[in-house]
Each structure stands twice: as structure tokens, then as C-alpha cells.
Amino acid sequence: MRTKIVAGNWKMNNDLKESKSLTKKIIKSIKKTALKNTRVIIAPTFVNIERVAKKAKGTKVEVAAQNMHFEKSGAFTGEVSAEMIKAVGSKIVILGHSERRQYFGETDEMLAKKVNTALANKMEVIFCFGEVLDERKANNHFKVVESQLKNALFHLEAKDFKNIILAYEPVWAIGTGETASPEQAQEIHAFIRKILTDKYDEATAESISILYGGSVKPANAKEIFSKQDVDGGLIGGAALNKDDFKAIIDAI
Ligand code: PGA
């Protein structure tokens with residue numbers, strides 16, 4: 001059975017006090033919940049990882065970083081390495097988020113390097129990808145998704161996918177209140193599994209958790225998660241509220 005995952009991407013929200021408080025509330029809210037085959041991950045900003053990870057240690061909550069540089073160290077002002085993230089208590093990193101691609105110029109080529117570095121450091125990657133609105137309108141979303149995966153991940157071996165979680169996030173649905181319909185999500189998730197089967201094998205394709213992201217809320221989570229190839233969600237806005245986040249976890 002594939003692992004289900006609900007991951008909260010806090011983006012550039014929550015200062016230290018707020019991060020500690022939200023972490024505490026989330027831990028408490030799921031303490032008595034039987035999380036059958038389900039992982040809960042939160043991704044605070046770099047500066048708050050250490051304190052959040054300390055609070056989450058030994059609980060059902062895991063902590064991820066939102067980005068990472070591919071080099072180990074050096075003259076890269078403002079960047080953070082895999083070793084640095086691990087040293088403060090996180091072994092998971094979100095890579096390729098559309099905001100990183102859009103506002104910070106991240107390319108598939110850079111992402112391939114970041115993925116390699118993360119895996120070499122025995123970190124798990126939540127790899128994000130997805131089309132923009134014009135690409136969807138032109139019916140190019142399948143092509144776009146395929147090329148994003150090919151360019152950044154398909155140099156890997158099948159066994160590497162044990163440490164990869166995929167997150168399909170149509171850019172037009174991120175933070176917009178607009179979601180892909182459950183059918184649209186299922187259609188593309190099934191397509192992703194097909195290209196993974198073609199490139200690798202069915203066992204690999206079937207074992208990878210594929211999350212949906214883009215305006216997942218308590219009101220729509222259950223329907224989206226009910227789809228066969230949707231294994232959970234990467235949650236932005238709704239992950240900042242403990243009740244909404246808990247309701248989404250309960251929907252899985
Ligand atoms: P959203 O963000 O849930 O606010 O749309 C999702 C994401 O960016 O991962």
C-alpha cells in the first residue's frame with residue numbers, strides 16, 4: 001500500500017513564535033488520531049526549522065525544508081546546503097515549487113542537481129511540478145509535466161525513487177482558490193504513473209506517493225483524496241490554520 005502524506009508548506013509565513021505555537025497545536029491536534037499509513041509533514045522557513053524540529057521530535061509530525069542549494073558550501077550568499085538542513089533536524093526537502101521556479105529562476109537543470117545532492121545526503125525530496133494556466137488551456141499540460149519529470153528526475157535509477165515524493169501542483173490552482181477537479185487530478189496522476197511505468201517499471205510507479213497541491217481546503221480535500229492515484233496533498237494556505245490542516249489530515 002502506498003504511503004499517504006499530508007504536507008504543509010508554510011512558505012514565508014510564521015515567525016519563530018508563530019511557528020512554535022502552530023507546531024505545538026498541530027502535534028496536539030493529531031496526538032490521538034490514528035494515522036494509518038499516513039505521514040504528516042510541515043515545512044517552516046529555514047530559520048525556524050531547528051526549533052520546530054525540536055518540538056516535533058518523537059511526535060507524529062515530520063519537518064521539511066522548503067528549498068536547498070545543490071552545493072555543499074561556498075560563496076553562495078543567502079543559500080542553504082543539505083548538510084545545514086540536516087544539522088538542524090530535517091531530512092526532507094521540498095524542491096521545484098512553482099514559486100521557486102517562477103520568482104527565483106529555478107530551472108529543471110538546477111533541480112536535477114538539487115535532487116542529486118539531496119539523495120546523496122540521504123534526504124527525502126518532495127518534488128513539485130505542474131503546468132501554468134496557458135499550458136493547460138492549450139492542452140499542453142501532459143507534455144509539460146512529462147518534460148519537467150524527465151529533465152529533473154529521469155536520470156535517476158528506479159531505486160532512488162524510494163526517497164522521492166511527487167507533488168503535482170497546477171500553477172493556476174496555487175493560492176488562487178481554484179482547484180483542479182478531482183477528475184483532472186486523477187487524470188494527470190494516472191498519466192504520471194504511466195510515464196513512470198514506461199521509464200522504469202510498474203512496481204516503481206505504483207510505489208511512489210503522488211500528492212496533489214493547489215488550493216486544497218477542508219471542503220474539497222476528501223473528494224480529491226478519494227481518487228485512486230492521489231496519495232495526499234501539499235497544502236499551502238490551509239496549512240497555516242491548525243483546524244483546517246487537521247481537517248485535511250482527517251480527510252485522507
Ligand atoms: P495553496 O498552496 O494550498 O495555498 O494553493 C499550495 C502550494 O503552494 O504548495
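The values are calculated or read from the model by the stated rules, or taken from the named source; none is laboratory data. These numbers come from a predicted model, not from an experiment. A quick note on method: Cβ atoms are made from the backbone with ideal geometry, for glycine too, and the neighbour counts reach across all protein chains shown. Protein only, heavy atoms only, side chains kept; ligands, DNA and RNA dropped before computing areas. Shrake-Rupley method; radii C 1.70, N 1.55, O 1.52, S 1.80 Å.
Points to keep in mind about this one:
- Residues within segment 222-235 that are within 16 Å of the ligand (Cβ to nearest atom) and outside any helix (DSSP H, G or I), tallied: 6
- Scanning segment 72-103 for residues that are under 26 Å from Gly214 (Cα atoms), more than 14 Å from the ligand (Cβ to nearest atom) and open to solvent by 80 Å² or more (accessible area, probe 1.4 Å) turns up just one, Lys91.
- Restricting segment 130-143 to residues that are open to solvent by less than 70 Å² (accessible area, probe 1.4 Å) and more than 17 Å from the chain's Cα centre (by Cα), the residue that is nearest to His69 (Cα to Cα): Val132
- Filter result for Asn139 (free of Cβ contacts under 8 Å to residues at least 12 places away in the same chain and polar (S, T, N, Q)): yes
- Filtered residue count, segment 36-85, keeping only those that are closer than 22 Å to Ile235 by Cα, touching a helix residue (DSSP H, G or I) at 6+ places or on another chain (Cβ under 8 Å) and not charged (D, E, K, R): 19
- The single condition from (1) open to solvent by 10 Å² or more (accessible area, probe 1.4 Å); (2) more than 15 Å from the ligand (Cβ to nearest atom) that Ala219 fails is (2).
- Among residues of segment 153-187, those that are more than 16 Å from the ligand (Cβ to nearest atom), part of a helix (DSSP H, G or I) and over 15 Å from Glu124 (Cα atoms), counted: 3
- Residues that are touching a helix residue (DSSP H, G or I) at 6+ places or on another chain (Cβ under 8 Å) and not in a helix (DSSP H, G or I) were ranked within segment 201-212; the one that is farthest from the ligand (Cβ to nearest atom) is Asp201.
- Within segment 53-70, residues that are without any contact (Cβ under 8 Å) to a residue 24 or more places away in the chain have Cβ atoms under 7 Å from residues that are part of a loop (DSSP other than H, G, I, E, B) and buried (at least 22 other Cβ atoms within 10 Å of the Cβ) in no pair, counting only partners at least 6 apart in sequence or on another chain.
- Within segment 116-129, tally of residues that are within 16 Å of the ligand (Cβ to nearest atom) and either open to solvent by 10 Å² or more (accessible area, probe 1.4 Å) or without any contact (Cβ under 8 Å) to a residue 40 or more places away in the chain (or both): 0
- Residue check, Asp198 within 27 Å of Asp15 (Cα to Cα) and more than 15 Å from the ligand (Cβ to nearest atom): no
- Here the condition is being surrounded by fewer than 22 Cβ atoms within 10 Å (Cβ to Cβ) and under 18 Å from Ile248 (Cβ atoms); of Lys31, Lys113, it holds for Lys31 alone.
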